[in-house]
1. Considering each of E90, E83, E73, E67 in turn, give the residue that is surrounded by 14 or more Cβ atoms within 10 Å (Cβ to Cβ) and of a type in the set (D, E).
2. Provide a single number: the residues in the range 19-59 that are hydrophobic (A, V, I, L, M, F, W, C) and touching a helix residue (DSSP H, G or I) at 6+ places or on another chain (Cβ under 6 Å).
3. Quick check, is R102 at pLDDT below 90 and surrounded by 13 or more Cβ atoms within 10 Å (Cβ to Cβ)?
4. Could you grab me the full set of residues in the range 17-54 that are β-branched (V, I, T), surrounded by 14 or more Cβ atoms within 10 Å (Cβ to Cβ) and farther than 17 Å from A5 by Cα?
5. Whether any residue in the range 77-84 is touching a strand residue (DSSP E or B) at 6+ places or on another chain (Cβ under 6 Å) and not polar (S, T, N, Q) is what I want to check.
6. Sort out which residues of the range 27-64 are of a type in the set (D, E) and under 16 Å from D11 (Cβ atoms), and write them in order of number.
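The values are calculated or read from the model by the stated rules, or taken from the named source; none is laboratory data. Note that the structure is predicted; figures quoted are calculated from it, not measured. Ideal geometry is used to build each Cβ from the backbone, glycine not excepted, and the neighbour counts take in all protein chains shown.
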Amino acid sequence: MARIAGVDLPDNKAILYALPHIYGIGQCTARKILAAAGIDSTRRTKDLTDDDVAAIRKEIDGGYKVEGELRAEVSSYIKHYIEVNSYRGERHRRRLPVRGQRTRTNARTRKGPRKTTAVTKVRAAPAGAKPPAAAKPAAAAKPAAGGKA
């Protein structure tokens with residue numbers, strides 16, 4: 001099992017599809033890394049030699065932020081947005097969607113499970129209590145201008 005950037009890559013997958021298990025590496029970046037290291041992208045992870053793994057590791061360490069370093073950078077960006085009171089920071093602070101998605105419906109991932117509110121019924125007045133003051137009758141309707149009522 002190849003271990004690159006602190007992640008154990010799955011043995012039974014082609015290296016092109018195993019590399020994206022590392023945070024910060026997608027399929028496009030994996031293709032670039034394999035091309036630079038000179039490794040066939042269809043080879044299985046278990047078939048890689050130690051030299052191949054070292055070449056991939058060297059390429060990733062040379063020019064890509066991955067795993068903990070990338071997570072720390074993203075976290076610092078979010079903290080910065082919150083500190084400068086930007087709109088994006090406010091959305092992060094309130095744990096709401098940041099990129100303009102609607103929140104009237106949906107957005108359950110960010111908002112969490114629904115918080116249902118109970119509807120309270122108006123209780124009947126106890127026996128012997130005064131009824132609430134009746135509303136005053138509406139003013140008599142005025143006839144239309146120039147017409148008789």
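1. Working: E90 fails: surrounded by 14 or more Cβ atoms within 10 Å (Cβ to Cβ); E83 fails: surrounded by 14 or more Cβ atoms within 10 Å (Cβ to Cβ); E73 fails: surrounded by 14 or more Cβ atoms within 10 Å (Cβ to Cβ).
Sole residue among the options that is surrounded by 14 or more Cβ atoms within 10 Å (Cβ to Cβ) and of a type in the set (D, E): E67.
2. So in the range 19-59, the residues hydrophobic (A, V, I, L, M, F, W, C) come out as 19, 22, 25, 28, 30, 33-37, 39, 48, 53-56.
Add one more test, that the residue is touching a helix residue (DSSP H, G or I) at 6+ places or on another chain (Cβ under 6 Å), and what stays is 19, 25, 30, 33, 36-37, 39, 55-56.
The total comes to 9.
3. Values: at pLDDT below 90: yes; surrounded by 13 or more Cβ atoms within 10 Å (Cβ to Cβ): no.
In short, no.
4. Keep residues of the range 17-54 that are β-branched (V, I, T), which gives 22, 25, 29, 33, 39, 42, 45, 49, 53.
Among the residues that remain, those that are also surrounded by 14 or more Cβ atoms within 10 Å (Cβ to Cβ) are: 22, 25, 29, 33, 39, 45, 53.
The one that is β-branched (V, I, T), surrounded by 14 or more Cβ atoms within 10 Å (Cβ to Cβ) and farther than 17 Å from A5 by Cα: I39.
5. Here is the first cut: in the range 77-84, the residues touching a strand residue (DSSP E or B) at 6+ places or on another chain (Cβ under 6 Å) are none.
Within the range 77-84, none of the residues are touching a strand residue (DSSP E or B) at 6+ places or on another chain (Cβ under 6 Å) and not polar (S, T, N, Q).
6. First, pick out the residues of the range 27-64 that are of a type in the set (D, E): 40, 47, 50-52, 59, 61.
Result: D47, D50, D52.
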